[in-house]
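The values are calculated or read from the model by the stated rules, or taken from the named source; none is laboratory data. Keep in mind it's a predicted model, so treat the numbers as computed, not measured. Here the Cβ positions follow ideal geometry from the backbone for every residue, glycine too, while neighbour counts run over all protein chains shown.
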Protein chains: 2
Amino acid sequence: MDYELELKNRAQEANKLLEKFAPTGDVPPLLKEAMEYSLKAGGKRIRPVLLMETVKICKGPLNLAEPLAAALEMIHTYSLIHDDLPAMDNDTLRRGRATNHVVYGEAMAILAGDGLLNCAFQTMTENIPYDDDKYLKAYLKAMNEITCAAGHSGMIAGQVMDMLSEGKQPDKDVLAYIHNHKTGALLTAPIKAGALLCLCDENTYNSLTAYARALGLAFQIADDILDIKGDKGKLGKSTGKDEQSGKLTYPLVYGLGKTYEKIEQLYKEATSSIKNLNIEKEFLINTADFICSRDY
Amino acid sequence: MDYELELKNRAQEANKLLEKFAPTGDVPPLLKEAMEYSLKAGGKRIRPVLLMETVKICKGPLNLAEPLAAALEMIHTYSLIHDDLPAMDNDTLRRGRATNHVVYGEAMAILAGDGLLNCAFQTMTENIPYDDDKYLKAYLKAMNEITCAAGHSGMIAGQVMDMLSEGKQPDKDVLAYIHNHKTGALLTAPIKAGALLCLCDENTYNSLTAYARALGLAFQIADDILDIKGDKGKLGKSTGKDEQSGKLTYPLVYGLGKTYEKIEQLYKEATSSIKNLNIEKEFLINTADFICSRDY
């Protein structure tokens, strides 16, 4: 099947998981609406898709992967809501729609973001497989992996350094830190968490992790390029923002030519990391290909 | 021992737990500083104190209660940071110091809050007692209890309704909802989580929960009174804010006379809920007494 169509189908499956684990209980309707406005705004759903694919090809428990996959997308979405706030990137367009605070106001957007981050943990802890002797500990370790990737030494660390580096002198180490943390952590987490859940052996775990790291970095670098050369209508978000706000990006530090070379190198790194694994690799390789040759 | 001195000593013990579980790893120094600025600003530490006390009197595993207690205070602190933001309550004074965004700016305050909420979950998931056959599931259930209490049908729900009710017609049902969720949920959680961790029987669990509910409500109502009659210097936070922003409070809806009666009634409810339990009750009764007769 055509990869882009396949990816769309998988995104649809991820959307079903977000329906399944939607905020329930005694939740104020407007809070639920604000949380779901951003959660259901679409997107490639690459994080849940990568987790489900990892568990599928490693022949692990797909039902246990579901709450973890939904949680990953909730964490990603909360980070977008807070990132878009006027005090942060002050963005008004995201996934083709007005950003959360534009629609619901800043206070509600802050709370909707908090609600989604909390909902991610709630989704994971409410679905702990207490009586599954084989997978209980693996599930908990996967949950911990996702939690750490999102936190003060993961994604949030990257966001902070991204913010602090705005308008500063280009610095290669700082740039690498930002990329590895801001986007890298939450793109590596699905694959690491998936491998943990599947009780993979060390070699498989390490190979998949190396693949994920290269993929995550390529994804962020591609994003940097798209901010320069991408089409706002097609991307569904504002472009040219990085330069405007003086953000540290790969093209700024290395120039566009070297940036394309780096992506090519990362594609090779990603695919060679998993080439000796005895698992079904087609989707992972196509994903690397797709990310590294995005339309720019 | 004098109760207030005892409470101070216990707050010191809670502070040690916050040191023990402070954000570590590859965390940007300024993020760590901003998170700890609010976390170490003091306060009564009533949530961790209640959890540790519950586990102590129910003779449960105190070492396993520690990360849960620290997590509760981190959640409480993140909620204060976000509540104080200009887009929310726009407060400049908290626990006797300038609020987080006054010192670090809005963007960093948002991220420090996110970091603390995430750190709470990280603290809980990184300290899961994987190999403790007796308490593993109890620990996980306590963790889930805390997570749900903080979320979209717990504390965040209360914050949203609190915000939406500002300047609206006084409504008793909405007021009850706000109090039970905004403050009640995270004050009930330590005791419920503690009882779950201790594998308490149903009667003990229900009695302690009833105590906690009454205590939580009394705490919020006392807070409403303090906002009217309290001393800014002594409280370490701004007063008169509720009336100024048209917040729905107990004195506004019922008048001050009925508010004092309600607190008296809640004191009786709290203490009678646990009177037949065969546990050491002195600290819990003194806590109810302290909260219900705060200096107003």
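Just for the range A:83-101: of the residues that are closer than 21 Å to B:Pro86 by Cβ and buried (at least 22 other Cβ atoms within 10 Å of the Cβ), which one is farthest from the chain's Cα centre (by Cα)? Going through the qualifying residues, I end up with A:His101.
When the range A:1-50 is filtered for residues that are β-branched (Val, Ile, Thr) and closer than 20 Å to A:Ala65 by Cβ, the ones remaining, listed by number, are A:Ile46, A:Val49. Residues of the range A:287-296 that are assigned to a helix (DSSP H, G or I) and not hydroxyl-bearing (Ser, Thr, Tyr): A:Ala288, A:Asp289, A:Phe290, A:Ile291, A:Cys292. One residue alone among B:Leu68, B:Leu18, B:Leu30 is at pLDDT 95 or above and either surrounded by 21 or more Cβ atoms within 10 Å (Cβ to Cβ) or not in a helix (DSSP H, G or I) (or both), and that residue is B:Leu68.
Here A:Leu80 qualifies as touching a residue at least 40 places away in the same chain (Cβ under 8 Å), assigned to a helix (DSSP H, G or I) and touching a strand residue (DSSP E or B) at 6+ places or on another chain (Cβ under 7 Å). Counting only helices (runs of 4 or more DSSP H) that fall entirely inside the range B:214-286 and contain at least 3 residues that are among the aliphatic types (A, V, I, L, M), the qualifying elements are B:256-274. Which one of the conditions (1) out of contact with any Pro (no Cβ under 9 Å at 6 or more places or on another chain); (2) crowded, with 17+ Cβ neighbours inside 10 Å; (3) among the aromatic types (Phe, Trp, Tyr) does A:Tyr130 fail to meet, given that it meets all the rest? All conditions are met except number (2).
The numbered conditions (1) modelled with pLDDT of 95 or more; (2) among the polar types (S, T, N, Q); (3) within 21 Å of A:Tyr260 (Cα to Cα) are all true for A:Thr204 except (3).
One residue stands out in the range A:21-54 among those that are within 12 Å of another protein chain (Cβ to nearest Cβ) and among the charged types (D, E, K, R): the one that is farthest from the chain's Cα centre (by Cα), namely A:Asp26. Looking across the range B:177-203, the residues that are in a helix (DSSP H, G or I) and surrounded by fewer than 17 Cβ atoms within 10 Å (Cβ to Cβ) come down to B:Glu202, B:Asn203.
Just one of (1) in contact (Cβ under 8 Å) with a residue 12 or more places away in the chain; (2) within 18 Å of the chain's Cα centre (by Cα); (3) crowded, with 21+ Cβ neighbours inside 10 Å fails for B:Asn118. It is (1). Just the residues that are surrounded by 18 or more Cβ atoms within 10 Å (Cβ to Cβ) and at pLDDT 80 or above, please, taken from the range A:227-241. A:Asp227, the sole residue that qualifies. Is it the case, given these coordinates, that B:Leu248 is over 18 Å from the mean Cα position of the chain (by Cα), farther than 25 Å from B:Gly60 by Cα and either surrounded by 20 or more Cβ atoms within 10 Å (Cβ to Cβ) or basic (Lys, Arg) (or both)? Against the criterion (over 18 Å from the mean Cα position of the chain (by Cα), farther than 25 Å from B:Gly60 by Cα and either surrounded by 20 or more Cβ atoms within 10 Å (Cβ to Cβ) or basic (Lys, Arg) (or both)), B:Leu248 qualifies. Scanning the range A:272-292 for residues that are surrounded by fewer than 20 Cβ atoms within 10 Å (Cβ to Cβ) and polar (S, T, N, Q) yields A:Ser272, A:Asn276, A:Asn278, A:Asn286.
In the range A:270-290, the residues that are within 13 Å of A:Ala212 (Cβ to Cβ) form Cβ pairs under 9 Å with partners that are not hydrophobic (A, V, I, L, M, F, W, C) and not in a helix (DSSP H, G or I), at six or more places apart or across chains, as follows: A:Thr271/A:Lys281; A:Ile274/A:Lys281. For the range B:220-266, a residue qualifies if it is among the polar types (S, T, N, Q) and touching a His at 6+ places or on another chain (Cβ under 8 Å), and exactly one does: B:Gln220.
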